[in-house]
C-alpha cells in the first residue's frame, strides 16, 4: 500500500505538488495530466528520487524520507527514454548492474539474467551491444533491468512515448503481463484505459480520482 | 565504435582472466619502449597479428581495428623520417601498432564487465587514499556506453541544423549538444539512483 499524507513539493518559489493526500492499493494505477502538472514529480516521490518538502510518503513498511535505498529496491522505475537508463554497453552486463547491489551469488545472477532474457525473447541478444538494439528492444531491456531486481512495485514514466506502434504494443503486453503493482504515467490514454484506477493531475493537485472511464473522460474534457 | 567491442568466443585468449590480459598489456606497453631494434619490434607485432586468427578473428576484424590509426602511423613515420631516418620511423610505427592492436585484442576477447571488475580489484588499495573503485568503474562503463549515444545525438543535431541552413556553424552544433548532454547526464544520474547503485 502506498500512502501520501499532505505532501507538498516546492522548487524555489514554485509549488509543484500541493497538499497531496492519497492512498493507492490497486494493482494498475494510471496517472495523466498536462506537461508540468506534477505527475512525474508525484511518481518520483514513490521511489525516493524526489523528497517531499512537507508531508510523508510511505510505501508498505518504508518511509521515503528515511529508507531511500531500500525503497528503490522495493519500487522499480522505468524512464521514458531507455537510452538514459541503460548504463552498460552490453545487454547482459546491463542486467547485472542493479543486481550488484543485492550481492547475490554469481549463479543466481546468471539465472536471473537468463530468465529475464528468455521472458522477452532476447536470449540471442545476451552479448549484443545495447546501443544497437531497436527502440522497443531498448525499452524491454530497461524494463528487464528493473524486473531482474524483483521489485514489488514498478513505475513507468511515459514508457511508450518514443516507440512506434508495433513496439508500443509490445511494451503494453509486457506491462500487462507483470505480476507487480504497476503505476503508469502516460499521455497514451489507451495504455491505461483498462487499469483499475486513474488519477488526473492539474497544477500540482489531483483533480480527479476515479475509474478510467470517468477519469479519462474528465481529462479529455479538460484538454479540449 | 568503442562500445560492444567484445566478441564472444572460446579461444585460449578468451579464457585468460581479464586481470592477466591487462597485465600482459601493461608488460607489452612497457616492454616495447625498452626495445629499439626494429626487426625485434616487427617480430612482436607479428606475434600480436597471429593472435587474431588464433582467437577466432578474421582479417576483416583486424583491419577494422587497424584502419583508424593508419593515417596516424603514416604521419609518425613521416615525422621520424624527416627528423631522423627510416629505421627510427619504423621503430615508432611498430611500437604503436603492437600496443594498439594488442589492446584491441584484449577488448575483443574480454567482456566489459570483466575488465571493469579487474579494474575495481586493481584499484582496491587506493581506497585508503579515498578513491572509490566502484565509482571509477561505473564512470568507465558510462564512457563506453555513452560514446555512441552522444555521437547519435550529435548526428541528429547536425541534421536538424543542416535542415535550417546552419551546417557550417560549429556553435549551432556544440551549444545544443552540450545542453542535451547535460540534461542526459541528469537523467542518467536519476536512473542510476533508481537502479539502486550502491558504491559503498
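The values are calculated or read from the model by the stated rules, or taken from the named source; none is laboratory data. It should be emphasised that the depicted structure is a prediction, and the values quoted were computed from it without experimental measurement. A quick note on method: Cβ atoms are made from the backbone with ideal geometry, for glycine too, and the neighbour counts reach across all protein chains shown.
Once the stretch A:97-109 is narrowed to residues that are within 8 Å of another protein chain (Cβ to nearest Cβ) and farther than 13 Å from residue A:150 by Cα, the residue that is surrounded by the fewest Cβ atoms within 10 Å (Cβ to Cβ) is A:100.
For (1) touching a helix residue (DSSP H, G or I) at 6+ places or on another chain (Cβ under 8 Å); (2) more than 9 Å from chain B (Cβ to nearest Cβ), each residue gets a yes or a no:
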{"position": "A:39", "(1), (2)": "no, yes"}
{"position": "A:52", "(1), (2)": "yes, yes"}
{"position": "A:84", "(1), (2)": "yes, no"}
{"position": "A:111", "(1), (2)": "no, yes"}
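Among residues belonging to the stretch B:158-200 that are within 14 Å of chain A (Cβ to nearest Cβ) and outside any helix (DSSP H, G or I), point out the one that is surrounded by the most Cβ atoms within 10 Å (Cβ to Cβ). Going through the qualifying residues, I end up with B:195. Is it true that some residue in the stretch A:130-137 is buried (at least 21 other Cβ atoms within 10 Å of the Cβ), in contact (Cβ under 8 Å) with a residue 40 or more places away in the chain and facing chain B (nearest Cβ under 8 Å)? Looking through the stretch A:130-137, at least one residue is buried (at least 21 other Cβ atoms within 10 Å of the Cβ), in contact (Cβ under 8 Å) with a residue 40 or more places away in the chain and facing chain B (nearest Cβ under 8 Å). The single condition from (1) under 17 Å from residue A:47 (Cβ atoms); (2) at pLDDT 90 or above that residue A:109 fails is (1).
Only one of the listed residues (A:47, A:84) is free of Cβ contacts under 8 Å to residues at least 24 places away in the same chain, crowded, with 21+ Cβ neighbours inside 10 Å and more than 20 Å from residue A:202 (Cα to Cα). That residue is A:84. Output yes when any residue across the stretch A:71-87 is under 21 Å from residue A:167 (Cα atoms) and more than 18 Å from the chain's Cα centre (by Cα), and no when none is. No, that holds for no residue.
For the stretch A:174-213, which residues satisfy the criterion of being assigned to a helix (DSSP H, G or I) and within 20 Å of residue A:77 (Cβ to Cβ)? Selection gives A:174, A:175, A:176, A:191, A:192.
Within the stretch B:177-190, does at least one residue satisfy the condition of being more than 28 Å from residue A:156 (Cβ to Cβ), more than 22 Å from the chain's Cα centre (by Cα) and not assigned by TED's automatic domain parsing to the domain that holds residue B:65?
yes
Can you find a residue that is surrounded by fewer than 17 Cβ atoms within 10 Å (Cβ to Cβ) and out of contact with any strand residue (DSSP E or B) (no Cβ under 9 Å at 6 or more places or on another chain) anywhere in the stretch A:178-192? Yes.
When the stretch B:105-152 is limited to residues that are touching a helix residue (DSSP H, G or I) at 6+ places or on another chain (Cβ under 8 Å) and outside any helix (DSSP H, G or I), the one that is farthest from the other protein chains (Cβ to nearest Cβ) turns out to be B:123. Looking only at the stretch A:156-165, residues that are assigned to a loop (DSSP other than H, G, I, E, B) and buried (at least 16 other Cβ atoms within 10 Å of the Cβ) come to 5 in all.
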